[in-house]
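The values are calculated or read from the model by the stated rules, or taken from the named source; none is laboratory data. Since this is a predicted model, take the numbers as computed values, not measurements. No Cβ is skipped: glycine too gets one built from the backbone with ideal geometry, and neighbour counts run over all protein chains shown.
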Amino acid sequence: MDRRTFIGATAALTLPCAASAQAQFPTRPLRMIVPFAPGGSSDVMARLVADHMGRTLGQTVAVDNRGGAGGNIGAEAVARAAPDGYTLGTGSVSILSINKHLYARLPFDPDKDFAFIGLVGVLPNILVAHPSVPATDLASLIAYVKANPGKLSYASTGSGTSQHLAMEMLKTAAGLDIPAVTYRGSGQAIPDLVAGRVELMVDTMVTGAQLAREGKVRAIAVTTVEPSHLAPELPRVSQTIPGFDAGSWLGIIGPAGLPAPVAARLEAAVAAAVNDPAVAQRLRDLGVTPTPLVGEAFARFVATESAKWGPVVRASGAKVE
C-alpha cells in the first residue's frame with residue numbers, strides 16, 4: 001500500500017470513530033475555568049450553571065478558578081484548550097467585549113478564539129449619589145452638573161470595569177464634566193462615597209440598592225434598558241437618554257472549533273440550566289436577570305456589546321499595557 005492510499009484508509013477509519021465519540025459526548029468529567037477569584041458573583045453564577053450542566057450531561061463539571069489580569073489569564077487557558085468540549089470557561093463583558101479595546105495586547109483574540117455557547121444573565125448596575133447632592137433624579141443631576149462643571153466627582157471601581165465605563169458612557173452621552181477618583185474595587189470606594197468624599201458612583205445593583213435602602217446613598221437610575229427586579233420602581237437611564245444600556249453580563253464559552261454535535265449538546269445544557277426555575281431564582285437573588293441566549297444568538301450579542309464599548313473606552317482614555 002502506498003502512502004497516499006494508507007492515509008486515505010486511515011482517515012476513513014478515523015472519521016467514524018470521531019463521529020461516534022462526538023455522539024456519545026461527554027464520556028468523562030468536564031472542567032469550567034472561571035477567570036476570577038472564588039466567592040464573587042461571577043464565581044457563584046458559574047457554579048450554579050456548572051452544577052446543573054453536570055446533571056444534564058451526566059458528568060461532573062468541575063470549576064477551576066484562574067484569576068488575574070482582568071480575567072485574561074483564565075480566558076487564555078480556555079482559548080488554548082483542545083476543542084473537544086471538555087474544557088469550558090466563563091466569559092464576561094470585560095473579557096469578551098471590553099478588554100480588546102482596553103489592553104494594548106491580549107494573549108488571545110476574543111472574536112476568533114472562542115466558541116460562544118450561551119449567555120447566562122445580565123447584571124444591571126445602578127447610579128447612586130451621596131445624599132448631599134441636590135438632585136433626586138437623572139434629569140436634575142444632569143442639570144446640576146452642567147451648572148457646576150467639575151464640582152462633583154465619581155468613584156471608579158477600576159479602569160475598564162463595566163461600572164467605570166457606564167459612568168464614562170453617561171458623561172459622554174450627556175456632555176458632563178465629572179472627574180473620576182479611582183479605587184481598587186467597590187470595597188474601597190463605598191466608604192468614601194458614604195462619607196461624601198466622592199459624590200457619585202455606578203455600582204452593582206445588589207450593593208447599590210442595599211445602600212439606598214439603608215439611606216446611605218440616593219438611588220438615581222438603573223443603567224440597563226430593562227428594569228431590575230431588585231428595585232423595579234427605580235427609573236432607568238434610558239428613560240432620560242434613549243438607548244442607554246450599560247450592564248455587566250456572564251456567559252459560557254469554549255475554545256473555537258468545537259464540533260457541531262458537541263456545541264449543540266453544551267448549548268442545550270446551558271439553556272436548561274438558565275431556564276430551570278430554581279437556578280433562575282438563585283440568579284435573581286444575585287441581582288442577575290436570567291438571559292438564555294445560546295450559539296449564534298449569543299455570538300451576535302457579544303459582537304453588539306463589543307461595538308458599543310469600543311467608543312466608550314476610547315473616549316474615556318483608559319488603557320492597560
Quick one: in the stretch 145-159, which of the residues that are surrounded by fewer than 16 Cβ atoms within 10 Å (Cβ to Cβ) and part of a helix (DSSP H, G or I) is nearest to the chain's Cα centre (by Cα)?
-> Lys146
Does the stretch 76-89 contain any residue that is of a type in the set (Ser, Thr, Tyr) and either crowded, with 24+ Cβ neighbours inside 10 Å or in contact with a strand residue (DSSP E or B) (Cβ under 6 Å, 6 or more places away or on another chain) (or both)?
-> yes
Being out of contact with any strand residue (DSSP E or B) (no Cβ under 6 Å at 6 or more places or on another chain), surrounded by 20 or more Cβ atoms within 10 Å (Cβ to Cβ) and of a type in the set (Gly, Ala, Ser), is that true of even one residue in the stretch 245-254?
-> yes
Hey, which of the strands (runs of 3 or more DSSP E) in the stretch 29-100, taking only ones fully inside, have at least 3 residues that are without any contact (Cβ under 8 Å) to a residue 40 or more places away in the chain, touching a Lys or Arg at 6+ places or on another chain (Cβ under 7 Å) and within 30 Å of Ala315 (Cβ to Cβ)?
-> none
Please indicate, with yes or no, whether at least one residue in the stretch 293-300 is in a strand (DSSP E or B) and under 16 Å from Lys100 (Cα atoms).
-> no
Would it be correct to say that Leu258 is modelled with pLDDT of 95 or more, surrounded by 15 or more Cβ atoms within 10 Å (Cβ to Cβ) and not in a helix (DSSP H, G or I)?
-> yes
Check whether at least one residue in the stretch 282-291 is out of contact with any His (no Cβ under 9 Å at 6 or more places or on another chain), surrounded by fewer than 15 Cβ atoms within 10 Å (Cβ to Cβ) and either among the hydroxyl-bearing types (Ser, Thr, Tyr) or within 15 Å of Pro26 (Cβ to Cβ) (or both), and report yes or no.
-> no
Could you please give the count of residues in the stretch 272-281 that are surrounded by fewer than 22 Cβ atoms within 10 Å (Cβ to Cβ) and in contact (Cβ under 8 Å) with a residue 40 or more places away in the chain?
-> 3
